[in-house]
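To start, the structure itself, in structure tokens.
Just so it is clear, none of the values below were taken in a lab; they were calculated from the coordinates. The model shown is predicted, which means the values in this text are computed figures rather than measured ones. No Cβ is skipped: glycine too gets one built from the backbone with ideal geometry, and neighbour counts run over all protein chains shown.
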Amino acid sequence: MIPIARPRRSRPGRRRRGVALALLAAVAWSVAACGDDGAAARARASAAYDRAVAHAQAGRLAPARDALAESLRDAPEVAHVRKLYGVVLERLDDVEGAEREMREAVRLAPDDPDARLHLARIERKRALDARIALAHHRASEAPDDVALRYALGELLLERGRFDGALVELLRAERRGGSDARSNALLGLAYAGQQRHVRALHHLSEALRLGSDDPRVRAELVFLLATSRADDLRDPERALREAAPALEGAPTARLLDGVAAAYAAVGRRADADAAIARAIARAVADDDHVSAHEMEQRRARYRAGDTWLGPPVDPT
């Protein structure tokens, strides 16, 4: 779900700070912004935007995209609408369209830090897509090259294309054999697909074989703490698995899982401290999307609630 904040007027001298996908600056609709149609155009644009916000909050991205396009036909120069349009297009994996809209949002509101952050992330995705295309080409020319298959699989993992990553990683494992690296990458791919039984098996095996990839322990801890499968969720084990990494520089993902585990066993103060560290680390890593999601979980923990991840694929 995309968290949405309705635009509203700021108090004099007060600057609102947006984070991650909230995105929407304190911008009032104006007759000038809506062109020559005046009040009628403003009303149409505002109504379409309201529908888009409702759709986006409910995770209905395609209808949100269509409503935003409708709003922009009447109000093409409204920066916060362009910004949300870019976010929705990105979530729909229309990276080219997302980049176009976010560049326009930055042009309309050059002092908006959120738009610039999102544009930078979209540009990174475009660059990653180019690297994936090149890796695909190289792998097609040398289909038996295990290193090329692993390289392509890792790029697809980074891009969040877990199905494609799994295809390449399984090919690499069949040719190169099972080891710490293959189990680590397969575990991460299965975790991305929400196939927790397979993910936990491969992640545990990777650690047993000596994997030093910090993503492995972090994902194992996160799944043990947050899986919706009652027979897999084990917050006490999550805390035991996390312990070796907490003394160093733990990742935001690991700390996020630790916080969920503490919340699950009723240690609310520890959960709050862990999620605060996770948020700080995510911000330091320029991962403002994750930081925003962690802020939402932090509110649940402070209210005495727990948090579980998305539904599990049992295969």
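Label separation (Ser204 vs Ala54): 4.7 nm, computed from points 7 Å beyond Cα along the C-beta direction.
With the contact rule set at Cα under 8 Å and sequence spacing of 6 or more, what percent relative contact order holds for region 212-279?
Values: 96 pairs, mean separation 22.4, N = 68.
Relative contact order of region 212-279: 33 percent.
Once you sort the root eigenvalues of the Cα gyration tensor of region 208-315 as a ≥ b ≥ c, which label holds: rounded (a/c under 1.5), prolate (a/b larger than b/c) or oblate (the other case)? It is rounded, given that a/c, with a ≥ b ≥ c, falls under 1.5. Here the relative contact order of the chain, from alpha carbon pairs under 8 Å that lie six or more residues apart, stands at 11 percent.
Would you work out the Kirkwood radius for region 61-116? I mean one over the mean of 1/r across all pairs of different Cα atoms, in Å.
Numbers: mean 1/r = 0.0920 Å⁻¹.
Kirkwood hydrodynamic radius for region 61-116: 10.9 Å.
Evaluated with a Cβ-only charge set (Lys, Arg +1; Asp, Glu -1), the chain carries a dipole of roughly 1000 debye about its Cα centre, given to the nearest 20. Using the empirical formula 2.2 N^0.38 Å as the baseline, the Cα radius of gyration of the chain reaches a ratio of 1.12.
For region 118-167, the relative contact order comes to 30 percent (Cα pairs under 8 Å, sequence separation of at least 6). Please identify which residues in region 266-283 have an amide N closer than 12 Å to a label point set 7 Å out from the Cα of Arg302, following the Cα→Cβ vector. Zone members listed by number: 272-273, 276. The listed peptides 199-206, 241-248, 285-292, ordered by packing as a protection proxy, come out as 199-206, 285-292, 241-248 (highest mean of other Cβ atoms within 10 Å first).
Annotation for region 194-269 versus region 124-166: alpha-carbon center distance of 27 Å.
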